[in-house]
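First the structure, in the form of structure tokens, and then the observations on it.
The values are calculated or read from the model by the stated rules, or taken from the named source; none is laboratory data. Fair warning: this is a prediction, and the values are worked out from it, not measured in the lab. With ideal geometry, Cβ positions are generated from the backbone for all residues, glycine too; neighbour counts draw on all protein chains shown. Protein only, heavy atoms only, side chains kept; ligands, DNA and RNA dropped before computing areas. Shrake-Rupley method; radii C 1.70, N 1.55, O 1.52, S 1.80 Å.
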Amino acid sequence: HATADTLSAPVRGFDGKIVAHLTWPSKAPGWQSLKRVAPLLVSAFLVLFLFLAALTAFAVISFRVIRQDQRKAYMQSTRDPLSGLLNRSGLFRKLNNAHARLVSGGMAHSLLYLDLDGFKDVNDTWGHSAGDQLIQAVAAKLTALAPPKARTARVGGDEFAILIPYDKGAAAQDLARLINRSFREPIQFAN
């Protein structure tokens with residue numbers, strides 16, 4: 001019979017009885033092979049793990065960059081770069097959303113449309129830099145005057161709009177009066 005350091009196989013006769021045992025010393029070739037290959041396997045799995053980790057990190061970073069670029073592109077497509085207000089496209093999106101909400105039982109909105117008289121004269125007399133400063137000052141003033149849920153937009157060179165949640169017209173009328181009074185004061189800016 002086999003011991004711990006030998007291997008054994010029974011030899012059976014024609015009648016099925018064991019007639020002998022083949023015995024040989026065990027060199028444990030499987031374990032020896034595994035011992036030789038194990039460091040290579042561990043190294044291969046480690047390299048594969050590091051590769052997959054790097055690939056995952058790259059994918060996550062790429063996804064975040066793409067998502068950030070997508071947000072930036074959306075903002076650029078809906079915002080006026082000079083004033084920081086919604087642009088015409090952004091206002092139309094807000095109008096479409098407000099209309100969709102109104103159709104489904106939501107609140108109506110009022111739309112104020114404002115135009116700066118004499119804006120061309122400002123550009124012609126003091127230059128486009130002064131005109132840009134005036135647009136920025138008007139945008140800041142309109143944003144400060146508008147109610148919190150209102151959406152202010154620059155829809156053209158010297159044209160602005162304010163979308164206001166409807167309050168039987170009172171909010172829009174009150175805001176129009178407030179804007180009219182506020183813009184009677186001169187706007188100061190550096191030239």
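Using the structure shown, decide if GLY90 is buried (at least 16 other Cβ atoms within 10 Å of the Cβ) and at negative phi. For GLY90, the condition - buried (at least 16 other Cβ atoms within 10 Å of the Cβ) and at negative phi - is met.
For region 14-32, which residues satisfy the criterion of being modelled with pLDDT of 90 or more, open to solvent by 90 Å² or more (accessible area, probe 1.4 Å) and part of a loop (DSSP other than H, G, I, E, B)? Scanning region 14-32 gives PHE14, ASP15, LYS17. Pairing each residue of region 60-72 that is within 23 Å of GLY84 (Cα to Cα) with any residue that is surrounded by 10 or more Cβ atoms within 10 Å (Cβ to Cβ), provided the two are 6+ apart or on different chains, yields no C-beta distance under 6 Å. Among the residues that make up region 118-139, is at least one of them within 32 Å of the chain's Cα centre (by Cα), of a type in the set (S, T, N, Q) and closer than 20 Å to ASP80 by Cβ? Yes, that holds for at least one residue.
Please indicate, with yes or no, whether at least one residue in region 59-76 is under 30 Å from PHE160 (Cα atoms), open to solvent by less than 80 Å² (accessible area, probe 1.4 Å), modelled with pLDDT under 90 and not aromatic (Phe, Trp, Tyr). Among the residues of region 59-76, at least one is under 30 Å from PHE160 (Cα atoms), open to solvent by less than 80 Å² (accessible area, probe 1.4 Å), modelled with pLDDT under 90 and not aromatic (Phe, Trp, Tyr), which makes the answer yes. Pairs meeting the criteria (first residue in region 92-118 and at pLDDT below 90, second residue in a strand (DSSP E or B) and open to solvent by 50 Å² or more (accessible area, probe 1.4 Å), beta carbons under 8 Å, at least 6 apart or on different chains) are ALA98/HIS109; LEU102/HIS109.
Number of residues in region 143-178 that are of a type outside the set (D, E, K, R) and in contact (Cβ under 8 Å) with a residue 40 or more places away in the chain: the value is 17.
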